[in-house]
1. Got a sec? Which of THR113, THR189, THR175 is of a type in the set (Ser, Thr, Tyr), assigned by TED's automatic domain parsing to the domain that holds ARG210, modelled with pLDDT of 85 or more and closer than 21 Å to ASP100 by Cβ?
2. Given the criteria surrounded by 14 or more Cβ atoms within 10 Å (Cβ to Cβ), modelled with pLDDT of 75 or more and assigned by TED's automatic domain parsing to the domain that holds PHE214, does THR148 qualify?
3. Can you say whether PHE140 is among the aromatic types (Phe, Trp, Tyr), surrounded by fewer than 19 Cβ atoms within 10 Å (Cβ to Cβ) and on the phi < 0 side of the Ramachandran plot, as far as the supplied structure shows?
4. I need every pair where a residue in segment 273-287 that is assigned by TED's automatic domain parsing to the domain that holds LEU81 and free of Cβ contacts under 8 Å to residues at least 60 places away in the same chain has its Cβ under 8 Å from the Cβ of a residue that is small (Gly, Ala, Ser) and not in a loop (DSSP other than H, G, I, E, B), sequence separation at least 6 or different chains.
5. Of the residues in segment 82-114, how many are farther than 18 Å from ASP285 by Cα and either of a type outside the set (Asp, Glu) or buried (at least 21 other Cβ atoms within 10 Å of the Cβ) (or both)?
6. Tell me, which residue of segment 201-216 that is over 23 Å from the mean Cα position of the chain (by Cα) and either modelled with pLDDT of 90 or more or assigned to a helix (DSSP H, G or I) (or both) is surrounded by the most Cβ atoms within 10 Å (Cβ to Cβ)?
Amino acid sequence: MAEASGLKTDIEDLFDMLSEDEENSKDIAREIKSSFEKYRDIVEELELRGMLSAPEDKKDCLFTIHAGSGGTEASDWATMLLRMYSRFFDTMGFKWEEVDMIPGDTVGIKSVTIEVKGEYAYGFLKSEIGVHRLIRISPFDAASKRHTSFASVYVLPEADDIEITIDPSDLRIDTYRSSGAGGQHVNKTDSAVRITHIPTGVVAQSQNQRSQTFNKETAMKLLKAKLYQKRLDEEKAILEQKEGEKKEISWGSQIRTYTFQPYNLVKDHRTGIETGNTAAVMDGDLIRFVRGYLIKYGKFE
């Protein structure tokens, strides 16, 4: 806020100089434009953060990508999304780390879970929850036919500092051998862990580490996050019922289509925002979609 106020004062001073110094008017005008662009960026950032008013918006999160049905095509699409989002995380200044990954049968990944840490990580990334559709000429099809692939994204706020009471007697913990590629140790011992919360049926699993202990810790972290999200969903449903609102966006809805052939277009179906620069989007340029979602569905405070 102090930076924005300082820039506002600078811009006002520059306008005063512009009216008094005709000789250097072009240089002053360029400086005004540069200062105004910085001021606009700060105001837009403050506006976005003002829309992230829910308590969970400030939290770190667990970001999961699941390949849809379709085998190789879907697994490759999930890998492309992983690359896209990892670059977006870097752009936002978030720290991230893969905590669980299941490789595809031949290429790509079936699913990956990433722990993302940063200011308002969940608040910004919740806009990506839903189904992402890809339309392209498949590199795996010898006939060069056009294919449609799907992948889903789930984002859960971390619940480490939230009171989530779990009775150990309510848990069923299963161990099993990891699937897919994983080195000489990962899939030769029963190191993978699946935890089921019996009262709710919520399941969390981890198989990425060779240590059963680490996988159990990761699975518990995922389980707590899922139970916390379940609580948030229930509270939101009650509030919407009282306010007479209708939920427009569901977890399973198709939110965005990425078309590579016969033309280039990425379109968000919730906001109508679109761009023909598919290369930039796949390199992590997602802020226009995030901003559009928050403007339409966020609540400014």
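The values are calculated or read from the model by the stated rules, or taken from the named source; none is laboratory data. This is a predicted model, so every value here is computed, not measured. Here the Cβ is made from the backbone with ideal geometry for all residues, glycine too, and neighbour counts use every protein chain on show.
1. None of the other options fit; the residue is THR175.
2. no
3. yes
4. ILE273/GLY292
5. 15
6. Step by step, filter segment 201-216, then rank; the result is LYS216.
A quick yes/no check of all residues on (1) at pLDDT 95 or above; (2) β-branched (Val, Ile, Thr); (3) within 15 Å of the chain's Cα centre (by Cα):
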residue: TYR258; (1), (2), (3): yes, no, no
residue: GLN261; (1), (2), (3): no, no, no
residue: VAL266; (1), (2), (3): yes, yes, no
residue: ARG270; (1), (2), (3): no, no, no
residue: THR275; (1), (2), (3): yes, yes, no
residue: ALA280; (1), (2), (3): yes, no, no
residue: ASP283; (1), (2), (3): yes, no, yes
residue: VAL290; (1), (2), (3): no, yes, yes
residue: LEU294; (1), (2), (3): no, no, yes
